Amino acid sequence: MMAWLSEWWSGGAAVVEPATFRDAARLAQLHGASFHRGWGEAEFEAMLTERNTLVHRLRMGRKTIGFAVSRVAGDEAEILSIAVDASHRGRGLSGNLLLTHLGHLAGRGVRTVFLEVEENNQPARRLYQRAGFTVAGRRERYYRQPGGEQLNALLMRRDLS
Ligand SMILES: CC(C)(COP(=O)(O)OP(=O)(O)OC[C@H]1O[C@@H](n2cnc3c(N)ncnc32)[C@H](O)[C@@H]1OP(=O)(O)O)[C@@H](O)C(=O)NCCC(=O)NCCS
């Protein structure tokens, strides 16, 4: 189906909004499809209850197709996870998700945001770079793949204000 037609059919453009407790199952499903070590429904329920965790969902029509999660500590925050459903990737939807999420962090008084990204994860690196993040450090063999392969992580940061 053509992009505009599928967008109309699914109920309009994507919106970013706070996730609720009832999103836990869907968020766990999206997370599990995007990462080797998926977070379960109970983990999302816990994060959706904790006051220092901020969770946004990306919704298209009635369907949640992405999320962003971060943890706040004082005036710093760490983005713990961000993902868009595979069938909706490559259309620039993550930028709005991330920028809206950052706006809410700023609204909470956060001044510096950190995140870790696997060095070869080009889509994620481009997303973060475009959103104003810069590389602040590198961690050798930080991620261990299910097959035993070890991958490097980049630590990125962005100041808000
Ligand atoms: C990272 C992610 C959220 C990006 O979502 P998205 O909606 O597809 O993002 P965009 O469409 O804006 O694409 C992001 C950038 O990656 C580029 N890109 C997309 N697919 C790519 C690929 N296979 N190789 C290289 N670059 C690619 C896009 O061109 C875009 O760059 P640009 O803005 O400079 O043109 C999504 O790919 C995802 O969920 N990945 C799995 C989970 C993950 O890795 N999360 C990050 C963990 S740190």
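Would you mind stating whether THR20 is at pLDDT 95 or above, open to solvent by 20 Å² or more (accessible area, probe 1.4 Å) and within 14 Å of the ligand (Cβ to nearest atom)?
It is false that THR20 is at pLDDT 95 or above, open to solvent by 20 Å² or more (accessible area, probe 1.4 Å) and within 14 Å of the ligand (Cβ to nearest atom).
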**Message:** Which pairs turn up if I take residues in the stretch 115-132 that are surrounded by 13 or more Cβ atoms within 10 Å (Cβ to Cβ) and look for partners that are at pLDDT 95 or above and among the aromatic types (Phe, Trp, Tyr) with beta carbon separation below 8 Å, at least 6 apart in sequence or on another chain?
**Reply:** LEU115/TYR128; LEU115/PHE133; VAL117/TYR128
**Prompt:** Do we have any residue at all in the stretch 59-81 that's open to solvent by 60 Å² or more (accessible area, probe 1.4 Å) and modelled with pLDDT under 95?
**Reply:** yes
**Message:** With the condition being among the hydroxyl-bearing types (Ser, Thr, Tyr) and either more than 15 Å from PRO18 (Cβ to Cβ) or more than 15 Å from the ligand (Cβ to nearest atom) (or both), I'd like the strands (runs of 3 or more DSSP E) fully within the stretch 57-146 carrying at least 3 qualifying residues.
**Reply:** 134-144
**Request:** Could you tell me whether SER94 is open to solvent by 70 Å² or more (accessible area, probe 1.4 Å) and in contact with a helix residue (DSSP H, G or I) (Cβ under 9 Å, 6 or more places away or on another chain)?
**Result:** no
**Request:** Kindly indicate whether LEU54 is in contact with a Phe, Trp or Tyr (Cβ under 7 Å, 6 or more places away or on another chain) and surrounded by 19 or more Cβ atoms within 10 Å (Cβ to Cβ).
**Result:** no
**Request:** Only one of these is within 28 Å of GLY147 (Cα to Cα), at pLDDT 95 or above and either part of a loop (DSSP other than H, G, I, E, B) or within 13 Å of the ligand (Cβ to nearest atom) (or both): ALA42, ALA28, ALA33. Name it.
**Result:** ALA33
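The values are calculated or read from the model by the stated rules, or taken from the named source; none is laboratory data. Since this is a predicted model, take the numbers as computed values, not measurements. Note that we place each Cβ from the backbone using ideal geometry, even for glycine, and neighbour counts take in every protein chain shown. Surface accessibility is based on the protein's heavy atoms, side chains included, excluding ligands, DNA and RNA. Shrake-Rupley method; radii C 1.70, N 1.55, O 1.52, S 1.80 Å.
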